[in-house]
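Undergrad: Following this message is one structure expressed as structure tokens.
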Amino acid sequence: MIAKSLTRWMILPAILTLTISGCSIMGTKPITVSSAPIQIDIIQPTMPRNIDLKDPKWHVVSSAKIANPCVKDSEGKRPKIDNPEGLLNDKGKVIRVCKLGKENDWPDGYTYLDKFLDEVKKKNSGDVVFFAITTEDYELMAYNMQELRRYIREVQEVVVYYRNVTINDKEAVGAKVTKK
């Protein structure tokens with residue numbers, strides 16, 4: 001019994017000594033603190049591809065009559081003669097007609113609308129379809145297009161700013177709009 005109690009009394013101070021002193025019995029190592037900038041590689045996004053805009057073809061059609069001029073002669077003049085049938089206008093004067101004929105084979109009173117309809121029928125196998133907008137709607141479309149262009153320019157400026165901030169060796173450039 002004395003051996004058990006003696007062992008307890010020997011182990012207990014050893015544990016207390018190690019707990020209080022920690023690892024100081026083994027010696028200390030100096031801690032060094034250093035601060036140095038770390039190069040962070042930021043992956044740059046690829047710039048968006050250029051905007052490729054196509055020009056739409058707008059047709060403005062009216063009911064105005066098309067001028068069908070006379071054919072030019074060798075001197076560049078358009079000679080006229082009196083109507084061979086002796087037709088008179090409302091004022092009683094003789095109607096003058098082209099001596100060499102008309103440049104086009106359009107009938108009298110042919111309008112831009114007639115010409116447009118004939119061209120559309122030729123292109124679409126006789127079918128005619130109209131897409132129409134008012135002047136106010138056209139102005140609204142033009143406004144919307146300007147808003148799109150403004151937004152795209154501002155987004156490009158933001159992208160270029162961030163590229164310039166993160167890339168130090170060269171100046172970034174925004175995307176350019178090309179029109180075909």
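Undergrad: Quick check: at a probe of 1.4 Å, how many percent of the accessible area of region 51-124 sits on carbon and sulfur atoms?
TA: Details: 3150 of 6140 Å².
Roughly 51 percent of what the probe reaches on region 51-124 is carbon or sulfur.
Undergrad: Between Thr166 and Thr28, take the C-beta separation as r, use R0 = 45 Å, and let me know the FRET efficiency to the nearest 0.05.
TA: Between Thr166 and Thr28 the formula returns 0.55.
Undergrad: May I pose another question? Set the bar at 22 Å for Cα to Cα. Now go through Lys57/Lys122; Lys65/Lys121; Lys80/Lys115; Lys57/Lys121; Lys80/Lys102 and name every pair that lies beyond it.
TA: Details: Lys57/Lys122 17 Å; Lys65/Lys121 19 Å; Lys80/Lys115 25 Å; Lys57/Lys121 17 Å; Lys80/Lys102 11 Å.
The pairs that break the limit, which is 22 Å between Cα atoms, are Lys80/Lys115.
Undergrad: OK, next. What accessible area per residue comes out for region 46-148, rounded to a whole number of Å², with a 1.4 Å probe?
TA: Values: 8940 Å² over 103 residues.
For region 46-148, the per-residue accessible area is 87 Å².
Undergrad: Students often forget the sequence filter, so: which aspartates and glutamates lie under 20 Å Cα-Cα from Lys99 once same-chain residues fewer than 8 apart are removed?
TA: Filter leaves Asp73, Glu75, Asp82, Glu85, Asp108.
Undergrad: Set the Förster distance to 45 Å, then compute FRET efficiency between Lys122 and Ile43 from the Cβ-Cβ distance, nearest 0.05. The partial results should precede the final answer.
TA: Values: r = 56 Å, r/R0 = 1.23.
Calculated transfer efficiency: 0.20.
Undergrad: Going 7 Å from the Cα of Val97 toward and past its Cβ, which residues in region 48-88 have a backbone nitrogen under 20 Å from where you end up?
TA: The answer is 66-73, 78-88.
The values are calculated or read from the model by the stated rules, or taken from the named source; none is laboratory data. These figures come from a predicted structure and were not determined experimentally. Cβ coordinates were reconstructed from backbone atoms using ideal geometry, including for glycine residues, and neighbour counts include every protein chain displayed. All accessible areas refer to the heavy atoms of the entire protein, side chains included, with ligands and DNA or RNA removed. Shrake-Rupley method; radii C 1.70, N 1.55, O 1.52, S 1.80 Å.
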